[in-house]
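I'd like to ask you about the structure that follows.
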Amino acid sequence: MHLIIQGGDIATTDLKRLAKLAGASRIERISDVAFRLCGAKPADGIAALCEQAQLDCAFVPAERRLADFRLLVLDMDSTLITIETIDELADLMGLKPEVAEITAQAMRGEIEYDESLRRRLALLKGLDESALARVYDERLQLSPGAEQLLAQAKSHGIRTLLVSGGFTQVTDRLKSRLGLDYTYSNRLAIADGKLTGEVIGRVVNADAKRDELLRVRDALGINREQIIGAGDGANDLRFLAECGVSVAYRAKPIVRDKTTHALNHSGLDGVLNLFN
């Protein structure tokens with residue numbers, strides 16, 4: 001196994017202590033913010049030291065290569081992008097605290113996603129459709145490292161799928177901008193240029209995200225072990241369970257506990273360091 005250590009500032013003393021704890025045979029520099037401790041073994045104290053130093057750590061198979069994978073699946077809000085789109089829409093109506101609290105409850109798994117979406121959209125009823133473009137143009141930012149992750153995936157022939165409880169007005173623009181292969185999200189009902197507070201068709205919840213991943217997987221003729229996934233909320237867990245490598249990206253504890261790896265301090269490009 002290799003032990004991957006990454007974060008914003010890795011002190012040499014911390015790196016040497018980690019190598020000693022893990023019994024690593026050598027230290028390889030991956031980048032200025034990432035190192036590979038080769039021939040490492042799990043040991044008490046590694047996770048605690050990394051948490052204290054605000055570093056991400058991950059044990060990975062030495063033979064794992066990015067080129068062996070065929071599909072990268074990402075959540076959108078707070079994963080591919082830094083914002084929760086629906087919270088920013090609510091901010092335009094002066095309702096962000098109310099909507100953000102419902103969002104947080106859903107991401108922590110305290111309430112069902114369908115119920116949370118229904119309650120949030122009800123508060124947004126009557127909002128002008130142009131608000132979606134405003135949020136995209138004025139507030140949306142890609143997560144650190146997102147473009148690097150997608151560029152490397154494409155260079156290795158890996159298809160990209162965005163599954164989101166957000167809205168097509170945003171995912172369609174991201175698909176065009178980033179060259180994503182597939183996107184799947186909610187279709188907002190609009191009447192006379194204003195949100196009705198409802199969605200058209202199936203709500204894109206945890207089950208819908210998983211089902212879309214499985215549809216694309218089967219269409220590509222690949223298996224679970226060829227899929228990488230990243231998400232941050234409880235409604236991502238079902239699709240992440242279908243991924244050979246699942247990454248909790250700056251995620252809620254419930255997600256970190258049920259994924260193969262967690263990135264709390266690195267950008268999305270930290271996913272790349274989990275592979276040779």
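For segment 210-225, check the following and say yes or no: at least one residue is modelled with pLDDT under 95 and either of a type in the set (S, T, Y) or within 17 Å of the chain's Cα centre (by Cα) (or both).
No, segment 210-225 contains no residue that is modelled with pLDDT under 95 and either of a type in the set (S, T, Y) or within 17 Å of the chain's Cα centre (by Cα) (or both).
While we're here: Tally time: how many residues in segment 57-111 are free of Cβ contacts under 8 Å to residues at least 60 places away in the same chain and over 29 Å from L3 (Cβ atoms)?
23
Closer than 30 Å to R202 by Cβ, hydrophobic (A, V, I, L, M, F, W, C) and under 23 Å from the mean Cα position of the chain (by Cα): does that describe I111?
yes
Right, next: Restricting to segment 177-220, name every residue that is closer than 18 Å to G157 by Cα and without any contact (Cβ under 8 Å) to a residue 40 or more places away in the chain.
L178, G179, L180, D181, Y182, T183, D218, A219
When segment 9-40 is examined, which residues are found to be in contact with a Lys or Arg (Cβ under 7 Å, 6 or more places away or on another chain) and farther than 18 Å from R65 by Cα?
Scanning segment 9-40 gives A22, G23.
Of everything in segment 97-113, what is buried (at least 21 other Cβ atoms within 10 Å of the Cβ) and small (G, A, S)? Give them in sequence order.
Listed by number, the list holds a single entry, A106.
So I227 clears everything in (1) surrounded by 24 or more Cβ atoms within 10 Å (Cβ to Cβ); (2) within 27 Å of G8 (Cβ to Cβ); (3) aliphatic (A, V, I, L, M) except one condition, right? Which one?
(2)
Can you spot a residue in segment 7-18 that is part of a loop (DSSP other than H, G, I, E, B), small (G, A, S) and in contact (Cβ under 8 Å) with a residue 60 or more places away in the chain?
Yes, the conditions are met somewhere in segment 7-18.
When only residues in segment 132-157 that are under 20 Å from D181 (Cα atoms) and of a type in the set (A, V, I, L, M, F, W, C) count, which is surrounded by the most Cβ atoms within 10 Å (Cβ to Cβ)?
L149
Determine which member of the set R177, R173, R210 is farther than 23 Å from A122 by Cα and surrounded by fewer than 15 Cβ atoms within 10 Å (Cβ to Cβ).
Selected residue: R177, the only one of R177, R173, R210 that is farther than 23 Å from A122 by Cα and surrounded by fewer than 15 Cβ atoms within 10 Å (Cβ to Cβ).
Condition first: surrounded by 14 or more Cβ atoms within 10 Å (Cβ to Cβ) and more than 26 Å from Q148 (Cβ to Cβ). Can you find one or more residues in segment 41-56 that meet it?
Scanning segment 41-56 turns up at least one residue that is surrounded by 14 or more Cβ atoms within 10 Å (Cβ to Cβ) and more than 26 Å from Q148 (Cβ to Cβ).
Among the listed residues T79, T85, which satisfies the condition of being within 18 Å of the chain's Cα centre (by Cα), closer than 16 Å to L132 by Cβ and among the polar types (S, T, N, Q)?
Result of the check over T79, T85: T85.
Sticking with this one: Where in segment 23-129 are there strands (runs of 3 or more DSSP E), lying fully within it, with 2 or more residues that are more than 23 Å from D232 (Cβ to Cβ)?
Correct list: 26-31, 34-38.
The values are calculated or read from the model by the stated rules, or taken from the named source; none is laboratory data. Since we're looking at a predicted model, the values are computed, not measured. Glycine gets a Cβ as well: all are built from the backbone with ideal geometry, and neighbour counts include every protein chain shown.
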